[in-house]
Each structure stands twice: as structure tokens, then as C-alpha cells.
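Quick notes on the structure that follows.
Values in this text are rule-based calculations from the coordinates and carry no lab data. None of the values given here were measured: they were computed from a predicted structure. A quick note on method: Cβ atoms are made from the backbone with ideal geometry, for glycine too, and the neighbour counts reach across all protein chains shown.
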Amino acid sequence: MIVGEQKPISEIREIIAPYRRVLVLGCGTCVKTCFAGGEDETAVMASALRLSLKKDGLAGDIREWTVERQCEDEFIQEAARPAAECDAILSLACGAGVQMVARRFPDKPVLPGVNTTFIGVLEERGLFTEECAGCGQCKLALFGAVCPIARCAKKLLNGPCGGSRDGRCEVNPDTACAWHLIIERLTALGQLDNLRAYVPPTDWRTSLSGGPRKLIREDHRI
Amino acid sequence: MKYHISVFYCVNSFDASMLDRLPFKDRVVFKPVKMACSSMVKDVYLLRAFEADADAVVVLVCPEGHCRYVEGNLRAAKRIDWLRRLLDEIGIGGVRLVLCHASSGRANAAGACFESMLTMLEAEGFSPARSRWGAGAASDQRRNGKPQR
Amino acid sequence: MRTPFASKLAALLAQGNFVVTAECGPPRGSDAAAVIQKGRLLKDVVDAVNVTDNQTAIVRMSSIAACRHLLELGLEPVMQMVTRDRNRIALQSDILGAYSMGIRNILCLSGDHQSFGSQPDAMNVFDIDSMNLVHAVRRMRDNGTDMSGFALKDSPRMFIGAAANPFADPFEYRVIRLAKKIDAGVDFIQTQCVYNVERFRRWMQMARDEGLLEDVHILAGITPLKSGGMARYMAAKVAGMDVPEGLIRRMEGVDKKAAPAEGVAIALETIAELREMEGLSGIHIMAIEWEAIVGDIVRAAGLTPRPTAALNRPAAGE
């Protein structure tokens with residue numbers, strides 16, 4: 001899922017300051033699963049903002065609404081009426097959702113309430129980890145399904161650097177050294193010799209480095 | 001003026017009639033909210049209690065190891081910690097939100113909880129978000145060091 | 001096919017010498033004099049000097065510039081190049097430039113992560129890794145082409161080095177790693193500093209058994225300890241370091257003032273053992289911010305005077 005984290009209340013207060021009536025718009029997909037912007041979190045955010053404004057003796061009208069997904073227009077349209085009644089929309093979706101909502105309501109300022117961070121998994125309860133960098137040319141077959149682009153801080157393709165300690169990354173001891181995991185996994189699979197093969201430089205054209213990407217499926221364009 | 005305290009409780013952990021028997025009951029307006037399981041109270045209801053002019057909010061849950069839903073009270077503790085940090089960030093003060101482990105067999109635990117809550121309110125004063133006061137009045141109150149009646 | 005020696009270090013190794021290299025860190029500023037001063041301490045006591053590349057991700061004078069200053073002083077620089085800060089375009093460009101200025105040796109590294117340095121807020125590059133860089137430099141030398149396949153006019157012919165750590169990695173993986181580096185084109189390897197000679201000996205044995213020593217020159221790293229605190233710190237905090245407890249206690253057992261001398265004594269004992277080690281081509285002394293001690297160590301180890309190399313440098317236009 002896409003993982004993100006709510007911005008601090010103080011930052012959000014600054015972002016919505018020019019607007020009196022604000023709609024907090026939640027999303028029921030990725031940000032719901034990482035507890036950043038689902039229906040419950042939207043309710044909490046709206047209430048927290050009201051409390052915050054009240055405490056400062058400010059007049060403000062904070063409303064809330066949640067749609068299934070903010071990355072698809074057909075769902076966003078369900079929020080048309082609440083959106084029409086507000087001065088600005090605070091979206092708690094990922095950055096993609098915020099932009100899609102802005103396209104649907106071009107006459108309303110659409111503001112982000114969440115910092116979108118990574119593509120990841122729920123490693124264990126309450127712990128989300130980054131797993132995929134969206135490089136566009138998946139090489140997981142070479143590396144025993146452990147990605148060195150996303151999970152090695154140096155994106156090394158041909159083996160670990162000298163910095164890991166006890167299987168942990170030199171950058172952060174809370175993070176496993178991806179290469180340690182790759183070696184462990186391939187050893188368990190009896191495929192450690194895979195690592196004998198030289199892996200040439202990545203072609204970054206399929207990644208964000210080549211510019212924002214597109215997927216066109218003609219079979220679905222009617 | 002009286003303190004407003006919202007009390008979220010479930011019948012497994014608390015007998016609400018106890019509120020009438022507290023020695024300081026004339027200084028407080030209690031708003032009891034009865035639930036099937038107080039551990040499962042949604043975060044937003046705790047915040048809305050503050051929006052509705054609560055000066056403090058108590059969630060009474062069953063003692064550790066005694067939750068009917070096994071982990072409910074553990075999860076509640078974690079969530080309330082999170083909400084307290086949020087209330088600090090907002091500037092209301094996380095100390096106003098309290099989790100108490102109670103048991104209908106030992107009324108003392110809940111009683112002690114309410115007493116320490118009163119002590120806290122005497123130090124902190126009324127919630128800065130209370131409609132009656134607004135921002136200016138709440139800070140006047142704090143400058144004098146004591147809550148106004 | 002081997003090209004004629006353009007590198008003095010390559011020539012010395014080919015002639016069977018036990019070489020001595022050292023390290024020099026450029027200054028955090030533009031003062032060339034700082035580099036030249038360090039260079040003077042190392043001249044004539046070592047065969048080549050590594051110049052670090054923004055080591056620990058701290059912004060310093062560039063390696064290529066500092067190498068040029070040392071070259072003018074008459075030293076043989078080894079330009080260290082990390083892949084952290086530059087993409088393949090910039091790296092290749094710098095290699096062309098370095099060679100044009102007379103630099104003949106390159107050490108290819110990934111580099112410490114920027115979170116350790118003076119600009120943790122910077123984006124890192126890591127467009128390619130150190131093994132890709134080795135491959136690219138070798139291709140320039142042996143095929144005369146750059147990474148895009150373009151036939152370079154006057155392609156650089158660098159002597160290629162890489163680092164290795166005999167004290168890290170799961171054991172099974174070490175052979176694979178070393179073999180892969182050699183296949184990619186590594187001519188010489190400088191290892192992490194050696195304190196546990198026995199363990200180092202086992203690694204060398206493994207390399208020899210695999211036939212790897214026939215294709216690469218290994219230089220053992222030496223870092224003289226300055227204090228008991230330093231010994232403990234390295235053992236506990238530095239990745240991939242093996243400092244035997246006995247050595248730590250030895251350092252802690254002497255007076256603070258006497259500690260550096262004890263560290264030098266340990267280094268000399270280590271060097272003596274390493275000189276006897278079959279298949280070892282030399283030592284690489286890393287005495288960061290203690291360059292003055294390198295000369296003392298080399299002289300006390302009986303390794304001076306340094307040999308002169310029979311160079312076969314290509315004439316201009318060849």
C-alpha cells in the first residue's frame with residue numbers, strides 16, 4: 001500500500017488559515033490502512049482542528065467527508081455537494097489523491113494534510129516498512145525477492161558495502177541490511193551462486209528519474 | 001463555575017452511581033457515557049467530549065488481564081497515549097485525558113482516579129477550548145493562578 | 001591484454017615489490033598548501049598516496065584536485081572515487097579529466113552514506129555501484145570505450161583498485177565477492193585495517209585456494225592505534241572491524257602518553273608478520289590526521305628506501 005503520515009496540527013493550521021469553511025476529505029483505501037486518512041482519522045482530524053480553533057478563539061467551520069478512493073474520479077464525485085459548500089478542501093489522501101481531487105474541483109483550493117512517503121507493507125501490527133521504489137524494471141528474481149533498490153540505502157546491486165554491523169544498515173541500526181537479507185534468503189534457497197553474476201548499471205529511464213510516468217492500457221480505453 | 005468531566009465507562013468496570021457519592025461532587029458536573037466496552041471507545045468521541053466543553057475526560061477500563069475482549073484495555077492505553085500527545089499539540093493539554101483501570105469489586109481505584117483528576121484540574125484550570133471562556137479569558141485565569149468560579 | 005605501465009604503482013607491483021601506500025585526506029577548504037604539507041610528510045616513504053573523496057560525506061576539496069597537487073609535488077596519487085555523489089556522466093568525465101592531468105590510479109568505492117556527513121539533507125546519487133564503476137574504468141582501459149559504447153579519443157588506462165573487508169560478510173559469501181571484483185577488473189585491493197592477523201591469514205588462504213591471488217594484488221590495511229579509547233571505539237562502533245581483546249587491553253594498559261608509541265609498536269609487529277605472509281603484495285597505511293607517523297613506521301619497519309619503478313609511460317600522442 002501507499003504509506004503516509006498526517007502532518008502536525010500546527011502545520012495544518014497554517015495551511016488552512018486563509019479559509020473559513022474547510023472540508024476534511026478522507027480516503028478509504030491506502031491511507032486508511034496506515035491510519036493516516038481513513039474515515040476514523042478524518043473524524044479525529046476534523047475534531048482536533050475544531051478544538052484547536054476553539055482554543056484560539058477563532059471562528060471556523062470544519063466539515064468532514066470520506067470517499068472510497070481519491071485516485072479515481074468516480075469516487076471523488078460523491079463528495080461534490082460537501083465540496084461545493086466549502087471554501088477549501090483538506091485532503092487526507094496520498095499526494096496522488098490530493099491532485100486528482102484538485103482536478104475535479106478546480107475552483108477550490110485543495111490542500112494536503114498528509115505527507116506521503118512510500119510503497120510498503122504492514123510488517124507487523126503498527127509497523128509499516130518501505131519495500132518498493134517503483135523503479136520500473138523489477139529485478140527481484142535476481143535477489144531472492146529482497147529489493148536492493150528500495151531497501152539498500154546505497155542501491156547497491158553487486159553486494160553489500162562494508163558498513164553493516166550485525167546485519168543492520170550503517171545508516172540506521174533499526175533497519176536490516178538488505179544485502180544481509182538477500183544473502184540469507186538465497187543461502188536458504190541454495191541459490192547463493194546467483195550473486196556470482198555481475199549486475200550491470202540500472203537503466204533509470206523507467207524510474208521517476210526519466211520524468212513522471214504513464215501507463216496506457218488501450219484495451220480499457222473506450 | 002463547575003468542572004465538566006466526561007466519564008466513559010462500561011458496566012464491567014464501573015458502577016456509575018458512585019459518582020453521586022464522591023465528596024467533591026458539588027464542584028463537578030459529570031457526564032457519564034455508558035458503553036458495552038469502554039476500551040473500544042472511538043478516538044473521535046473522546047475529542048468531541050472536549051469540543052462539548054469537557055475540562056477532563058476519563059476512560060474507565062477493566063484492570064489488566066481482565067478485559068472481556070482480551071486486549072481491549074491494552075489497545076485503549078496505547079490509543080489514549082497517542083491522543084494525549086495530540087491534545088498537547090493542539091494546546092489543550094494531554095493531562096486532561098485519563099485512562100483508569102477500575103473494577104466494580106474495588107471502588108477505591110476509581111475513587112482515587114477521580115481525586116487525582118480534581119487535583120490536576122485545580123492545577124490546570126478549565127479547558128482553554130471552553131466556549132464560555134474563549135482564548136483571552138482562559139489565559140487571564142491562568143495568570144491569576146487559580147480557576148475562577 | 002595488458003597495456004604498458006602508465007602507473008608507477010602498477011609497475012612496482014609487477015616487479016614483485018612489497019609496496020607501501022598511505023592515505024591523505026584533503027582539507028575542508030581551498031588551501032592547496034594543506035595538501036602539499038601532508039604530501040611532503042609522505043614523499044619518499046611510500047610508493048603511492050590515496051586521496052579520499054569527501055570521506056564520511058563531509059565536504060572537502062575534491063580528490064581530483066588534491067591528487068593534482070600531490071602529482072606536482074612528485075608523488076604517485078591514487079584517486080579515490082565514490083559513487084555516492086556523482087552519476088555515471090560525471091564519474092566518467094572526472095576519470096577522463098584525471099587521466100589528462102597525469103593521475104594513473106583509481107580506487108572505486110560506494111562511499112559512506114550522506115547521513116554521516118556535513119550535508120545529511122542532500123540527495124545521494126548511487127546511480128551506479130562501485131563494481132559498475134570498476135567495470136566502466138576497465139572498459140575504458142581495455143576497450144577504449146565509455147559506458148555508452150563511444151570510442152574515446154585517448155581513452156584513459158587506469159590501474160584499478162577496490163576495497164575489501166576480510167572481517168565482514170557471511171563467510172560463504174566472501175569468495176564470491178572477491179572473485180566477482182576481480183572479474184569486474186580490479187587490479188589491486190586495499191583491505192580494512194588488520195589487527196587480527198590470524199583471521200586475515202585465513203582470508204588470504206581462502207583467496208589463494210580459489211586461485212584468486214594470481215589475478216590481483218592485495219595490500220593489507222594498517223591503522224596505528226593512538227589510545228585505548230580508540231581501540232575500544234573501533235572494536236565497538238566501527239563496522240566490520242576485528243580488534244582482538246588482547247590488543248585493546250594492551251593499549252589500555254599503558255600510560256596515556258605512552259599509548260601512541262604502543263600503537264606504533266603493535267603496527268610494527270603486525271607489519272612484520274604480514275611481510276612473511278604468502279601472496280601479500282604490500283601494506284596500506286591509514287593514519288588519518290596522523291600522517292607524520294607514517295614515515296616513522298615505514299622507517300622503523302625497515303621498509304626504506306622505497307624502490308624506483310621502471311616505468312613505461314606512453315609518450316604523448318601514443
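A Gaussian network model of chain A, with springs between Cα atoms under 10 Å, assigns the largest mean-square fluctuation among A:Ala133, A:Ala93, A:Ala59 to A:Ala59. Rounded if a/c is under 1.5, else prolate if a/b beats b/c, else oblate: with a ≥ b ≥ c from the C-alpha gyration tensor eigenvalues square-rooted, which is segment C:162-318? Judged from the Cα gyration tensor, segment C:162-318 comes out oblate (a/c at least 1.5, b/c at or above a/b). Counting only DSSP beta bridges whose two residues both lie in segment A:61-132, roughly 60 percent are antiparallel. Spin-label pair A:Thr175-B:Arg27: with each label point 7 Å from Cα along the Cα-Cβ axis, the two points sit 5.3 nm from one another. Rounded is the label for chain C. Its Cα gyration tensor axes, ordered a ≥ b ≥ c, give a/c under 1.5.
With a Förster radius of 56 Å applied to the beta-carbon distance between A:Cys132 and A:Asp56, the computed FRET efficiency rounds to 0.85. Between A:Lys214 and A:Glu123, the contour length at 0.36 nm per residue exceeds the Cα-Cα span by 29.8 nm.
Maximal additional length on extending the C:Glu269-C:Asn87 stretch stands at 61.3 nm, based on 0.36 nm per residue less the C-alpha distance. Express the Stokes-Einstein translational diffusion coefficient of segment A:2-117 in µm² s⁻¹, to the nearest whole number, given a Kirkwood radius over alpha-carbon pairs, 37 °C and a viscosity of 0.692 mPa s. Translational diffusion coefficient: 242 µm²/s. Taking a virtual spin label 7 Å from the Cα of A:Gln99 along the C-beta vector, which residues in segment A:181-222 bring their backbone nitrogen under 17 Å of it? Residues passing the 17 Å test: A:206-216. Between B:Val95 and C:Glu214, the modelled labels are 7.9 nm apart [label points 7 Å from Cα along Cα→Cβ].
When the inverse distances between all different Cα atoms of chain A are averaged and flipped, the Kirkwood radius reads 20.0 angstrom. Helical runs assigned H by DSSP (4 residues or longer) give chain C a calculated mean residue ellipticity at 222 nm of -12000 deg cm²/dmol, each run adding -39500 (n - 2.57) before division by the residue total.
Residues considered: C:Ile160, C:Ile266, C:Ile285. Largest GNM mean-square fluctuation over chain C, using C-alpha springs under 10 Å, is found at C:Ile266.
Overall, the anisotropy analysis places segment C:122-232 in the prolate class: the square-rooted eigenvalues a ≥ b ≥ c of its C-alpha gyration tensor yield a/c not less than 1.5, with a/b exceeding b/c. Once the Cα-Cα distance is subtracted from the 0.36 nm per residue extended length, the C:Asp121 to C:Ile288 segment shows a gain of 57.5 nm. Taking every residue in A:161-168 and counting other chain Cβ atoms within 10 Å of its Cβ, the average works out to 6. The order of C:Asp146, C:Asp44, going from fewest to most other C-beta atoms within 10 Å of their C-beta, is C:Asp44, C:Asp146.
Taking the DSSP beta bridges with both ends in chain C, the antiparallel portion is around 5 percent. Three semi-axes describe the equivalent ellipsoid of segment A:74-134; taken as square roots of 5 times the Cα gyration tensor eigenvalues and ordered largest first, they are 29, 11, 10 Å.
Given in Å, the Rg to one decimal and the Dmax to the nearest whole number for the Cα atoms of segment A:80-171 are 19.3, 58. In the protein assembly as shown, the ratio of gyration radius to Kirkwood radius, Rg to Rh, stands at 1.10 when only Cα atoms are counted. Take chain A, connect every pair of alpha-carbon atoms lying under 10 Å apart with a spring to form a Gaussian network, then pick out the residue of A:Ser91, A:Ser209, A:Ser47 with the largest mean-square fluctuation. With Cα springs under 10 Å in chain A, the top fluctuation among A:Ser91, A:Ser209, A:Ser47 is at A:Ser209. Between segment C:232-254 and segment C:187-221, the C-alpha centres lie 21 angstrom from each other. Averaging Cα coordinates gives a centre for segment B:3-57 and one for segment A:104-168; these two points are 44 Å apart.
The antiparallel fraction among DSSP beta bridges confined to segment A:2-117 stands at about 20%.
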